[in-house]
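The values are calculated or read from the model by the stated rules, or taken from the named source; none is laboratory data. Just so you know, these numbers come straight off a predicted model, no measurement behind them. Because the Cβ atoms are built from the backbone with ideal geometry, glycine has one as well, and the counts that use them run over all protein chains shown.
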Amino acid sequence: MRATSIIYKRELGRYLRSPIGWIIAALMLLIAGILFQSQALPGDNLSAIVLEKFFYFATAIPMFCGVLLAFRLIAEERQNYSMILLKTSPIRDTEIVLGKFFAALTFLAIILALSIYMPLLIKVNGKITGAQIFIGYFGLFLFGAAVLSIGIFASALTSNQIVAALLGAVFVAVMMLLFVLAKRLDAPVQDVLEQVDLWWIHYQGGFMRGVLNLKDVIYYLGVTYFFLLLAVKTLEAKRWQ
Amino acid sequence: MIRATKLSKFYGGKRALGPVSFEISDGETVGFLGLNGAGKTTALRILACDLRPSSGTIEIGGVDAVADPHEVRKRVGFLPENPPLYTEMTVADYLKFAGELRGMTADQLKKRLPEVLEIVTLGEVQNDTIDTLSHGFRQRVGVAQAIIHEPKLVILDEPTRGLDPVQIVEMRNLIHDLKQSHTVLISSHILTEISQTCDRLLVLSKGAVVGEGSENDLSKEGEVRQITVTVRAPSGDDPKGQITKVLSAIAGVSKVGDAYEQGGGWSFALSTAKDCRADVSRAIVDAKLDLLKLDYARSELENTFIRLVGGADASN
């Protein structure tokens with residue numbers, strides 16, 4: 001995993017030095033702040049409800065950032081011909097994917113951390129616990145990891161960055177709307193689709209409300225593993241094409 | 001030693017290479033020559049373990065490149081047609097990154113980096129970001145990343161592509177330096193480039209090896225060759241006639257072409273059945289004439305190439 005660390009450092013350094021990364025972060029935080037101000041704060045809600053609403057709208061951060069941070073990760077390397085340096089070095093495709101994934105996840109975590117002033121404001125003025133905040137952020141982090149893995153898989157499919165971004169957005173949208181489809185179907189397909197849905201059951205029904213379920217954690221880790229594995233297999237398959 | 005056996009590569013249903021078999025000894029400099037689409041890049045990418053062959057085996061330094069590509073990649077440095085650069089990085093940072101990917105430690109890099117910067121003469125720009133460099137400098141950075149880990153085998157795919165004449169000469173000199181300590185494989189469709197830098201040629205056409213050997217080996221026995229010679233006669237009323245007489249008397253010269261004045265002497269095109277450059281030079285000196293220039297006509301290698309890759313098809 002030495003190569004993972006080398007790629008991680010390069011990619012993270014690139015995020016931190018690049019204005020684009022910070023522009024994405026600023027935009028996301030601005031949108032989250034506006035939504036928090038306009039949608040979560042108004043009314044005489046209990047502070048726990050305000051926190052729930054914050055975590056509801058804060059989903060936008062990992063959802064959009066996940067796709068925006070991930071789409072270029074592999075597609076850009078192919079487009080710029082730099083991928084061949086990685087592919088002809090004595091490193092494994094798994095190490096390439098993991099290095100890039102963890103760098104993007106770290107940057108996403110930084111963006112999420114920058115939004116913490118909002119729940120802290122609720123805590124100062126209301127009655128919520130640190131655990132509730134932690135669980136909400138843990139959910140956002142896991143949800144973000146899953147979105148990033150889907151974005152990396154989309155990025156591995158094509159050398160065109162725009163196509164990669166669109167594919168990533170479509171995959172995430174489909175995964176987040178499965179519960180809508182589930183409502184129109186009967187059991188057991190309904191149950192399966194509800195459980196596979198990326199947001200409704202596992203985030204909205206758990207982390208967002210301050211409830212930590214092991215099955216939700218396992219679900220997000222499973223989705224992340226599955227799409228990272230698909231990305232690795234896609235890279236391997238490209239060598240045969 | 002590189003040994004490729006019945007190597008082939010298909011892109012979908014289309015055959016890009018093979019089946020081809022060839023062997024390359026340690027320390028050789030071999031040129032892969034062919035028209036665009038002949039399979040040169042595919043062959044080199046397979047040798048660099050970037051692509052996997054559809055069938056066949058390839059052994060590099062006794063290691064099976066298909067079964068253990070990881071091990072082979074440690075021994076190979078590859079400069080693809082488009083150098084794999086991260087343009088936002090400085091030259092030094094990029095080369096450190098490339099070295100680390102190849103498993104080099106910080107100490108090894110500290111020692112090796114100045115050596116490589118000197119070999120490719122990039123010392124002055126080592127702290128510049130790559131996106132500020134000219135095409136020629138970028139190409140050198142590409143070569144530097146290919147040799148940073150001191151690989152036994154260096155593969156250069158079209159290393160002079162897009163370079164200006166001065167940069168081409170610099171790249172040629174760089175390749176000559178690399179030949180001293182590496183096995184070097186070069187691909188090009190520029191005939192003179194290949195013939196000047198390589199010990200041996202592999203001529204590819206439509207995915208198959210159609211010729212193999214040195215430039216002389218590739219020329220057919222009995223085929224008429226063209227030699228150009230430029231000579232000055234220090235004295236006499238009819239220098240052109242005097243020189244023509246000397247040249248016509250040389251054994252092996254079947255025809256002396258029309259002369260034209262060039263560079264203070266007279267240039268002649270000689271048709272010969274064998275390589276008789278030594279006889280020509282000796283005869284000129286013995287006749288007390290000044291030999292200004294002697295070489296194969298450029299068309300010699302071109303003719304060989306066109307014949308090997310399929311006659312009229314190649315010249316179109």
Review point. Where residues in region B:116-129 are surrounded by fewer than 20 Cβ atoms within 10 Å (Cβ to Cβ) and in contact with a Leu (Cβ under 7 Å, 6 or more places away or on another chain), which of them is farthest from residue B:147 (Cα to Cα)?
Key: B:125
Point to revise | The listed residue being of a type in the set (Val, Ile, Thr) and under 17 Å from the mean Cα position of the chain (by Cα), out of A:192, A:163, A:172 | key: A:172
Point to revise | Among the candidates B:158, B:170, residue that is in contact with a Gly (Cβ under 8 Å, 6 or more places away or on another chain) and among the acidic types (Asp, Glu) | key: B:170
Practice item. Tell me, yes or no, whether region B:58-74 has at least one residue that is facing chain A (nearest Cβ under 7 Å) and either of a type in the set (Val, Ile, Thr) or surrounded by fewer than 23 Cβ atoms within 10 Å (Cβ to Cβ) (or both). Key: yes
Check your understanding: Mind checking which pairs have a first residue in region B:22-34 that is free of Cβ contacts under 8 Å to residues at least 24 places away in the same chain and a second that is part of a loop (DSSP other than H, G, I, E, B), Cβ under 8 Å, 6 or more apart or different chains?
Key -> B:23/B:1
Study note, to complete from the structure: (1) in a loop (DSSP other than H, G, I, E, B); (2) under 29 Å from residue B:192 (Cα atoms) all hold for residue B:67 apart from (2)
Practice item. Might you check whether a residue that is part of a helix (DSSP H, G or I), without any contact (Cβ under 8 Å) to a residue 12 or more places away in the chain and out of contact with any helix residue (DSSP H, G or I) (no Cβ under 7 Å at 6 or more places or on another chain) occurs anywhere in region A:81-88? Key: yes
Study note, to complete from the structure: Within region A:143-160, the count of residues that are under 13 Å from the mean Cα position of the chain (by Cα) and either in a loop (DSSP other than H, G, I, E, B) or within 26 Å of residue A:236 (Cα to Cα) (or both) comes to 10
Check your understanding: Only one of these conditions is not met by residue B:104: (1) more than 10 Å from every other protein chain (Cβ to nearest Cβ); (2) in a helix (DSSP H, G or I). Which number is it?
Key -> (2)
Point to revise | region B:82-101, residues that are charged (D, E, K, R) and within 8 Å of chain A (Cβ to nearest Cβ) | key: B:88, B:100
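For every residue, the table says whether it meets (1) under 18 Å from residue B:286 (Cα atoms); (2) among the hydroxyl-bearing types (Ser, Thr, Tyr); (3) at pLDDT 85 or above; (4) not in a loop (DSSP other than H, G, I, E, B).
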| residue | (1), (2), (3), (4) |
| --- | --- |
| B:223 | no, no, no, no |
| B:237 | no, no, no, no |
| B:243 | yes, no, yes, yes |
| B:258 | no, no, no, no |
| B:271 | no, yes, no, yes |
Review point. Do we find a residue being within 13 Å of another protein chain (Cβ to nearest Cβ), in contact (Cβ under 8 Å) with a residue 60 or more places away in the chain and of a type outside the set (Asp, Glu) anywhere in region A:44-53?
Key: no
Check your understanding: So which pairs qualify, if the first residue must be in region B:155-166 and more than 23 Å from residue B:39 (Cβ to Cβ), the second must be among the polar types (S, T, N, Q), the Cβ gap must be under 8 Å, and the two must be at least 6 apart or on different chains?
Key -> B:163/B:139
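Taking region A:16-33 as the region of interest, how many residues are more than 17 Å from the chain's Cα centre (by Cα) and either part of a helix (DSSP H, G or I) or more than 12 Å from chain B (Cβ to nearest Cβ) (or both)?
Narrowing region A:16-33 to residues more than 17 Å from the chain's Cα centre (by Cα): A:16-20, A:23, A:30, A:33.
From what is left, the residues that are either part of a helix (DSSP H, G or I) or more than 12 Å from chain B (Cβ to nearest Cβ) (or both) are A:16-17, A:19-20, A:23, A:30, A:33.
Residues in region A:16-33 being more than 17 Å from the chain's Cα centre (by Cα) and either part of a helix (DSSP H, G or I) or more than 12 Å from chain B (Cβ to nearest Cβ) (or both): 7 in total.
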Check your understanding: Which one of these does residue B:93 not meet: (1) buried (at least 17 other Cβ atoms within 10 Å of the Cβ); (2) touching a residue at least 24 places away in the same chain (Cβ under 8 Å)?
Key -> (2)
Point to revise | Candidate set: region B:143-167, residues that are buried (at least 20 other Cβ atoms within 10 Å of the Cβ) and within 22 Å of residue B:192 (Cβ to Cβ); chosen: the one farthest from the chain's Cα centre (by Cα) | key: B:143
